[in-house]
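So the structure is just underneath, and the comments pick up after that.
The values are calculated or read from the model by the stated rules, or taken from the named source; none is laboratory data. Only a predicted model underlies this, so the values are computations on that prediction, with no experimental measurement involved. A quick note on method: Cβ atoms are made from the backbone with ideal geometry, for glycine too, and the neighbour counts reach across all protein chains shown. What goes into the accessible areas is simple: the full protein's heavy atoms, side chains included, and nothing from ligands, DNA or RNA. Shrake-Rupley method; radii C 1.70, N 1.55, O 1.52, S 1.80 Å.
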Amino acid sequence: MIVTELSKGTKLYLLVGGRGTRLSSITNGKAKPLVSIKNNVFLDYVLENLFGFDITLVCSDLNYDQFIQYKRFGIDVINEGTPSGTGGFLAKVDLPESFYVMNGDTFFSGKLNLDCNESTIFVAEEKVTHDVGYIHGKNGIVEYFVEKDPSASGKKLVSLGIYKLYRDEIKIPNKLPISMEYDILPKMELSYKILDTCRFDIGTPERLERFRNWVC
């Protein structure tokens, strides 16, 4: 379970507004986080794994109508309009002083405490592949980012796609789309926190099947 204990009620923006093109052969028009797995949809597993957060689903014109149903569970659901990248919503919503951001197509195993009091990127020590971003860091401070390096090998500090951010430390560019990975994070002074977890990203049919096998 992913928890925040010191700052219960902190906003967590769960990004679910993407196109999910690599999974389109399986989703049949549904948003990627709503793909069926066993007796639930993937997003239900993600939500059940979160404790202590004030959750907002960030959707887009592509799929807002598919997520409205979650409002009846007390979850905020917002529509950013035209899809504008992983960081586009930052320019479109009234941000609280501090908040978390997390991808809605990824599940994490284990009990993970996200409590921290500074802008932080959460990472895991993983063997890298060509489509995974990672960081270089020392003594808990991020030195620089590497995005999708085809020549990388061995274990690196791989970004888990979970961030704790402080509004006043973010420089939002005057453009759309906005990439969290390219436009926002590399321009911030960030700490990093290593989590011991197994990450299930359902971005491809093969990765989706891996999570299905794990759940069952």
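Numbers at a glance
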quantity: Cβ-placed point charges (K, R +1; D, E -1), dipole of segment 43-115 about Cα centre in debye, nearest 20; calculated: 80 debye
quantity: Accessible-area value, Y182, 1.4 Å probe, nucleic acids and ligands omitted, Å²; calculated: 130 Å²
quantity: GNM top mover of I178, I121, I170 - the chain, alpha-carbon springs below 10 Å; calculated: I170
quantity: Positive-end extreme of charge dipole, the chain - chosen from F145, Y134, T197 (charges on Cβ); calculated: T197
quantity: Size of electric dipole in segment 64-216: Cβ of Lys, Arg +1 and of Asp, Glu -1, about Cα centre, debye, nearest 20; calculated: 260 debye
quantity: Solvent-accessible area of E209 with every protein chain in place, 1.4 Å probe, in Å² to the nearest 10; calculated: 80 Å²
quantity: Of all DSSP beta bridges in the chain, antiparallel share, percent nearest 5; calculated: 55 percent
quantity: Shape box of the chain [Cα atoms, principal axes, largest first, Å]; calculated: 43, 39, 35
quantity: Of T120, G85, L62, farthest towards positive along the dipole that unit charges on Lys, Arg, Asp, Glu beta carbons give segment 59-130; calculated: L62
quantity: Net length gained if the chain between F51 and D149 were fully extended (0.36 nm per residue, minus Cα distance); calculated: 31.9 nm
quantity: Residue-level accessible surface for D61, protein heavy atoms, 1.4 Å, Å²; calculated: 100 Å²
quantity: Radius 15 Å from Cβ of L114, net charge of other residues (Lys, Arg +1; Asp, Glu -1); calculated: +1
quantity: The chain: most fluctuating residue of A152, A124, A91 per GNM, C-alpha cutoff 10 Å; calculated: A152
quantity: P(r) histogram, all alpha-carbon pairs of segment 61-160 included - 10 Å bins from 0, percent; calculated: 11, 33, 36, 18, 2
quantity: Approximate shape of segment 1-63 as ellipsoid semi-axes (Cα gyration tensor, √5λ), whole Å, largest first; calculated: 25, 14, 7
quantity: Net charge, L15 excluded, C-beta distance under 10 Å - Lys, Arg +1, Asp, Glu -1; calculated: -2
quantity: Share of Cα-Cα pairs in segment 111-216 lying beyond 23 Å, as whole percent; calculated: 33 percent
quantity: Top of F89, F107, F51 by mean-square fluctuation, Gaussian network on the chain, Cα under 10 Å; calculated: F51
quantity: Part-to-part distance (alpha-carbon centres) for segment 116-130 and segment 72-86, which is given in Å; calculated: 25 Å
